[in-house]
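Notes for the one structure printed next.
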Amino acid sequence: MAETSNHQEDGGPKESGKLILKTPKGTRDYNPLEMAIRRTVFKTITDVFHMHGAVEIETPAFELKEILTGKYGEDSKLIYDLEDQGGEKLSLRYDLTVPFARYIAMNKITSIKRFHIARVYRRDNPAMTRGRYREFYQCDFDIAGDYDPMLPDAECVQLVHQVLSKLDLGDFTIKVNHRKILDGLFGACGVPAEKFRTTCSAVDKLDKTPWEDVRKEMVDDKGLDPNVADLIGEYVKLSGGEDLIEKLQADERLKDSEDVQAGLKDMCLLFEYCTLLNCQENLRFEMGLARGLDYYTGVIYEATLQTGQSGEEGSVGSVAGGGRYDNLVGMFDPKKKTIPCVGLSFGIERLFAIHERKNKEVKIRATNTEVYVAAATKGMIQERLKLLAELHGEDIKAESSYKTNPKFLNQLQYAEENGIPWVIVIGESEVNDGVVKLRETATRKEETIKRDQLIQAIKTR
């Protein structure tokens with residue numbers, strides 16, 4: 001006798017012969033009210049993107065596997081590989097940056113300021129309460145092209161500052177560091193060049209892991225000399241502003257490092273430009289910020305929110321991150337031609353999770369309907385449909401009951417429950433007199449309006 005299985009042949013989970021209805025691990029559904037909240041967050045972000053003159057692009061949800069391979073360091077193990085389809089090895093995109101670099105190289109673009117809002121996929125351990133999923137949206141903004149130092153980089157800081165200020169989700173910090181400073185620091189402290197990337201990925205965990213655990217990983221897993229790890233520890237705990245830049249410029253161990261001094265020069269310029277752009281208030285130079293992705297070459301960013309809540313629910317981690325990646329496009333170009341790039345990505349799911357908690361008491365409606373067409377008497381289906389056609393023809397969002405003879409009170413109740421601000425009431429007497437009644441849902445006040453003046457009356461309201 002064959003063993004009974006908890007899975008159907010098509011992969012659907014079964015329990016005692018019944019199909020279990022659930023979303024896959026690390027994913028979720030969004031109901032109409034949740035989608036309404038998401039729309040407001042998306043609109044805030046896209047409005048800022050447009051304010052900066054960005055254009056929008058779209059790329060496929062999956063790429064050739066070789067496009068994504070070797071671009072994410074240790075995070076490459078989180079890429080979803082797909083089964084061979086038609087002789088192509090494919091993977092779901094892990095982020096929107098590598099596809100963007102492929103797009104630039106493929107289309108021979110030399111300069112573009114673009115944004116891209118789309119889903120990405122990571123085979124990660126999800127933490128749903130903190131907005132960490134396996135399928136989630138990213139909102140990316142990138143500037144590609146050969147420009148003078150730190151001007152595009154400062155614009156990225158300004159853009160993060162504007163978005164988080166407009167969303168009004170609490171105090172935030174925009175942390176910045178520089179890959180050259182980190183590489184120079186590792187060299188000055190005695191890290192072999194071949195271990196720079198793995199050491200960087202260990203430092204990248206400092207925002208979630210105590211230094212003792214990071215040090216243990218460096219020594220036990222990465223094979224660093226304990227004294228070297230201790231030296232690194234002295235620096236990666238430092239944070240500050242322009243005062244820290246000056247301190248590091250004068251540091252005896254670092255003053256002869258070309259990489260460190262070049263990175264600090266960039267940081268001076270970044271702070272100067274951010275002050276002029278009025279976005280320096282939340283800016284912080286964090287030596288412990290590493291961002292483990294392999295493709296970063298210059299300034300790196302990470303924005304975090306202080307939600308003012310205690311416990312797990314309040315700590316949502318990073319809500320935006322990015323940096324400069326000058327060599328990524330060259331990896332795809334046949335002639336290895338590089339196009340300098342800098343950009344950032346907003347973690348929309350985390351922003352949404354905080355927005356949702358903050359606005360629990362705010363009345364948000366799922367529908368955008370402006371007018372509900374109601375019948376006061378029977379036999380009004382033809383008149384209601386004529387009215388709907390007229391309203392839609394003027395781009396007024398309107399709906400009506402799907403019953404030919406609905407109860408009047410049920411129609412008014414629907415408008416109230418769904419927050420529809422206006423109700424047009426029509427019955428036999430209104431048709432005979434060539435008028436309609438316009439009812440304000442909130443106050444329940446009604447006024448009689450001539451039929452040919454209805455559209456103008458609604459638009460003025």
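The values are calculated or read from the model by the stated rules, or taken from the named source; none is laboratory data. This structure is a prediction, so every number in the text was calculated from the model and none was measured. Cβ: placed from backbone, ideal geometry, glycine included. Neighbour counts: every protein chain shown. These accessible areas exclude ligands, DNA and RNA; they are computed on the full protein's heavy atoms, side chains included. Shrake-Rupley method; radii C 1.70, N 1.55, O 1.52, S 1.80 Å.
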Query raised in the report: For labels at Thr46 and Gln306 in the simple 7 Å Cα→Cβ model, what's the distance in nm?
Result: 3.3 nm
Query raised in the report: Over the chain, what is the mean sequence separation of C-alpha contacts under 8 Å (at least six apart), divided by residue count, expressed as relative contact order in percent?
Result: 16 percent
Query - Accessible area per residue in Å² at 1.4 Å probe, computed on the chain - result: 52 Å²
Query raised in the report: With charges only on Cβ, +1 for K and R and -1 for D and E, what is the dipole size of the chain about its Cα centre, in debye, rounded to 20?
Result: 1460 debye
Query - Unit charges on C-beta of K, R, D, E only; dipole of segment 364-461, Debye - result: 180 debye
Query raised in the report: In square angstrom, rounded to the nearest 10, how much accessible surface does Asp326 have for a 1.4 Å probe?
Result: 40 Å²
Report task. Classify segment 82-154 as rounded, prolate or oblate, taking a ≥ b ≥ c as the square roots of the eigenvalues of its Cα gyration tensor: rounded when a/c is under 1.5, otherwise prolate if a/b is larger than b/c and oblate if not. Result -> oblate
Query raised in the report: Alpha carbon centre of segment 348-424 versus segment 136-212: separation in Å?
Result: 46 Å
Report task. Please say if segment 183-323 is rounded, prolate or oblate, where rounded means a/c under 1.5 for a ≥ b ≥ c the square roots of the C-alpha gyration tensor eigenvalues, and otherwise the choice is prolate for a/b larger than b/c and oblate otherwise? Result -> oblate
Report task. Sort the chain into rounded, prolate or oblate with this rule: let a ≥ b ≥ c be the square roots of the eigenvalues of the Cα gyration tensor; rounded if a/c is under 1.5, and if a/c is not under 1.5, prolate when a/b is larger than b/c, oblate otherwise. Result -> prolate
